[in-house]
Amino acid sequence: MREERSFICVSCPLGCGLNVIIEDGEVTYVSGNSCPRGAAYAKTEVKDPRRVFASTVRVTGGKLPVCPIRSKTPAPKGKLSEIAKAVAALNVKAPIKIGQVLIHNVCGTDVDIVASRDLN
Amino acid sequence: MSKNIDVLIIGAGPAGVAAGIGAKKEGAENVVVLERDWDLGGILQQCIHPGFGLRTFREELTGPEYMHRFIAQAHEAGVEFRTNTMVFQIDKDTNAVWTMNKERGIECLNPKSIVLTMGCRERPLGAIRIPGTRPAGIYTAGTAQRFVNMEGYMPGKRAVILGSGDIGLIMARRMIWEGAEVEGVYEVMSWPGGLRRNIAQCLDDYGIPFHLKTTVTKIHGADRLEGVTVAQVDDKMTPIKGTERFVPCDTLLLAIGLIPENELSRMAGIEIHPVTGGPVVNDLLQTSNPSVFAAGNVVIVYDLVDNVSDEGLIAGANAAKYAAGKISPNVKRIPVKGGENVRLFSPQFVTGESDTIIYMRVTHPIEGACKVIAEPGLYTQKLRYARPGEMNEVRIKASAIEANPDIKEITVDVQPEVKR
């Protein structure tokens, strides 16, 4: 089966318009990219689309009531709303250090949720 | 009386922190950054999404992570920060800087040089004159971003976003992730204000409709926002009769542009450019007052924080040179002019003292092969397209200026490639 898809590369601010040919579920041709990251993005976007998830968690005893978090690595796109709920249920005690793991292996994705700032 | 300050920097956002590092690296002894907030980092602390620093660090960081690295560098370099400190006046003739702080009281500082790094503000509702009522529930996108990401409040449950600047696009996704509904994004122009990748990853990913050439024509609601009327506009941006549609919503977020924040610069008598809204600067980032430098979004609104940090480093270094008496009052002053398709650009003068980048935006998009140029014959770079939402750069070599001592003026432009 042969399929053509077009989407925007989100790897960098250039935002190249990618044209991808998929044959039997495999990306066989990528055009429109200006760098190798674009070709790599096209392949993961077709087979296993992922995004970095960024949100906040509730904090007790901090200078701010919430602390920003991120998925340390890109998480499966289809799992983002589940991850959002897991993060929303969390309450963390200050002080928090940047990079501190707040949820290990969130929703069984093998991805860690980490704090993205120091908060005293 | 406080110690002698060599370089005083106003604002500890990305430009100010970088300016501090730049000044220390250039050898300035006492470098002080003033910040009105309790924390360092400026607006980046509320930009919790990834996408920052790809050029600088070769990886995509969130705003707080990006600032964490720069703040650590600044501390290491010996930059002094004073938080909770508001500058309320700069005297025109003496350059005295008046500050206010709860513990230190009112102080008058007399630095050898100043770097303005106050950043920018969002265009508010009052700037676009929408008919209707003025109920609660209308915020600039950045205000909503601060509520959600730093103060832990949700502005509402069903949002309409007017304008397609990057902060609006980012907030569309953020509202979805926090469980709200986003009815759509409306942009009066026929092209998006923000980056294409943000349309892809913030709107397309979540099926949020994006309407070009459409705007909000009326606001409804007595106490709380109850909805807006949207309508398509014609080429003169006049709403087209018969296209009006009522959209129920409790929140309207505005992402309709950013304005450099220059109250202090004006107070100090610094010349402000009528189009950029920022100080007129040369490539040393020196303003019309030779002891005052400026960098970042206070000068011209950039797309990328990497550029803001780069400019901060340059302004800080040059302010340190000035404080040490190392910048001649007789540097060259070659004016830069914008060509036909250039809406704004900065710097406005080139000295030829070092290699420099002129940042610019086109007035109209060119979808197809084009080139960015600097005449006479100083720079040509081919582009696949040029869009108002994405800045272009012109790189001028100091050696090229030196080789052409008769240059009276530099013209920058973006032109379509002519097919032969």
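The set of residues in the range B:57-98 being over 19 Å from B:Glu261 (Cα atoms), at pLDDT below 95 and surrounded by 14 or more Cβ atoms within 10 Å (Cβ to Cβ) consists of B:Glu60 alone.
Would the range A:79-93 turn up any residue that is basic (Lys, Arg), out of contact with any helix residue (DSSP H, G or I) (no Cβ under 6 Å at 6 or more places or on another chain) and at the interface with chain B (Cβ under 8 Å from one of its Cβ atoms)? Within the range A:79-93, not a single residue is basic (Lys, Arg), out of contact with any helix residue (DSSP H, G or I) (no Cβ under 6 Å at 6 or more places or on another chain) and at the interface with chain B (Cβ under 8 Å from one of its Cβ atoms). Got at least one residue in the range B:205-214 being away from chain A (no Cβ under 14 Å), surrounded by 16 or more Cβ atoms within 10 Å (Cβ to Cβ) and of a type in the set (A, V, I, L, M, F, W, C)? Yes, the range B:205-214 contains at least one residue that is away from chain A (no Cβ under 14 Å), surrounded by 16 or more Cβ atoms within 10 Å (Cβ to Cβ) and of a type in the set (A, V, I, L, M, F, W, C).
Comparison of B:Arg121, B:Arg134, B:Arg129, B:Arg146 shows that the only residue that is in a loop (DSSP other than H, G, I, E, B) and in contact (Cβ under 8 Å) with a residue 24 or more places away in the chain is B:Arg134. Within the set A:Ser55, A:Ser71, the sole residue that is within 8 Å of chain B (Cβ to nearest Cβ), of a type outside the set (Val, Ile, Thr), crowded, with 18+ Cβ neighbours inside 10 Å and closer than 28 Å to B:Ala200 by Cα turns out to be A:Ser55. Taking each residue of the range B:31-52 that is assigned by TED's automatic domain parsing to the domain that holds B:Ala12 and looking for partners that are at pLDDT below 95 with beta-carbon atoms closer than 6 Å, six or more apart or interchain, yields B:Pro50/B:Glu60; B:Gly51/B:Glu60. Only one of the numbered conditions (1) within 14 Å of chain A (Cβ to nearest Cβ); (2) assigned to a strand (DSSP E or B); (3) of a type in the set (Ser, Thr, Tyr) is violated by B:Thr99, and that is (1).
Yes or no: B:Ser291 of a type in the set (Gly, Ala, Ser) and under 29 Å from B:Pro405 (Cβ atoms)? Lay out the reasoning, then the answer.
Details: of a type in the set (Gly, Ala, Ser): yes; under 29 Å from B:Pro405 (Cβ atoms): yes.
Spelling it out, B:Ser291 is indeed of a type in the set (Gly, Ala, Ser) and under 29 Å from B:Pro405 (Cβ atoms).
A single member of B:Gly156, B:Gly168 is modelled with pLDDT of 95 or more, of a type in the set (Gly, Ala, Ser), in a loop (DSSP other than H, G, I, E, B) and crowded, with 17+ Cβ neighbours inside 10 Å, and it is B:Gly156.
Of all residues being within 14 Å of chain A (Cβ to nearest Cβ) and modelled with pLDDT of 95 or more in the range B:177-193, which is farthest from B:Arg387 (Cα to Cα)? Just the residue, please.
Step one: list which residues in the range B:177-193 are within 14 Å of chain A (Cβ to nearest Cβ), which gives B:177-181, B:191-193.
Of the ones still in play, those that are also modelled with pLDDT of 95 or more are B:180-181.
On the way: B:Ala180: 31, B:Glu181: 30 Å.
Checking each candidate, the answer is B:Ala180.
Step by step: first the residues of the range B:299-333, then only those that are hydroxyl-bearing (Ser, Thr, Tyr) and more than 14 Å from chain A (Cβ to nearest Cβ), then the one that is nearest to B:Gly165 (Cα to Cα). Which residue is that? Reasoning before the result, please.
If we filter the range B:299-333 for residues that are hydroxyl-bearing (Ser, Thr, Tyr), which is where we start, we get B:302, B:309, B:322, B:328.
Still in the running and more than 14 Å from chain A (Cβ to nearest Cβ): B:309, B:322, B:328.
Values: B:Ser309: 21, B:Tyr322: 37, B:Ser328: 40 Å.
Top of the filtered list is B:Ser309.
Which of the strands (runs of 3 or more DSSP E) contained wholly in the range B:217-275 include at least 1 residues that are under 31 Å from the mean Cα position of the chain (by Cα) and either modelled with pLDDT of 95 or more or within 16 Å of B:Ala136 (Cα to Cα) (or both)?
Details: elements: B:227-232, B:245-248, B:251-254, B:258-260.
The strands (runs of 3 or more DSSP E) meeting that bar are B:227-232, B:251-254, B:258-260.
Note on the range A:105-120: among residues that are within 13 Å of chain B (Cβ to nearest Cβ) and outside any loop (DSSP other than H, G, I, E, B), the one that is surrounded by the most Cβ atoms within 10 Å (Cβ to Cβ) is A:Ile113. Restricting attention to the range B:99-129, and to residues there that are β-branched (Val, Ile, Thr) and at pLDDT 95 or above, which single residue is farthest from the chain's Cα centre (by Cα)? Out of the qualifying residues, it is B:Ile106.
Considering only residues of the range B:102-116 that are assigned to a loop (DSSP other than H, G, I, E, B) and in contact (Cβ under 8 Å) with a residue 24 or more places away in the chain, which is surrounded by the fewest Cβ atoms within 10 Å (Cβ to Cβ)? Steps first, answer last, please.
At the first step, the residues of the range B:102-116 found to be assigned to a loop (DSSP other than H, G, I, E, B) are B:102-104, B:110-112.
Subsequent filtering for residues that are in contact (Cβ under 8 Å) with a residue 24 or more places away in the chain retains B:110-112.
Values: B:Asn110: 14, B:Pro111: 23, B:Lys112: 19.
Among residues in the range B:102-116 that are assigned to a loop (DSSP other than H, G, I, E, B) and in contact (Cβ under 8 Å) with a residue 24 or more places away in the chain, the one surrounded by the fewest Cβ atoms within 10 Å (Cβ to Cβ) is B:Asn110.
Could you say whether any residue in the range B:377-388 is at pLDDT below 95, touching a strand residue (DSSP E or B) at 6+ places or on another chain (Cβ under 9 Å), over 14 Å from B:Ile334 (Cβ atoms) and hydroxyl-bearing (Ser, Thr, Tyr)? Yes.
Filtered by the rule that a residue be aliphatic (A, V, I, L, M) and outside any loop (DSSP other than H, G, I, E, B), the range B:171-199 gives B:Met171, B:Ala172, B:Met175, B:Ile176, B:Val182, B:Val185, B:Ile199.
Taking the conditions (1) over 21 Å from the mean Cα position of the chain (by Cα); (2) not assigned by TED's automatic domain parsing to the domain that holds B:Gln415 in turn, B:Ile300 satisfies each one other than (1). Scanning the range B:217-259 for residues that are surrounded by fewer than 16 Cβ atoms within 10 Å (Cβ to Cβ) and of a type in the set (S, T, N, Q) yields a count of 2.
The values are calculated or read from the model by the stated rules, or taken from the named source; none is laboratory data. The structure presented is a predicted model; accordingly, all values stated were derived computationally and were not measured. Cβ atoms come from the backbone with ideal geometry, glycine included; neighbour counts cover every protein chain shown.
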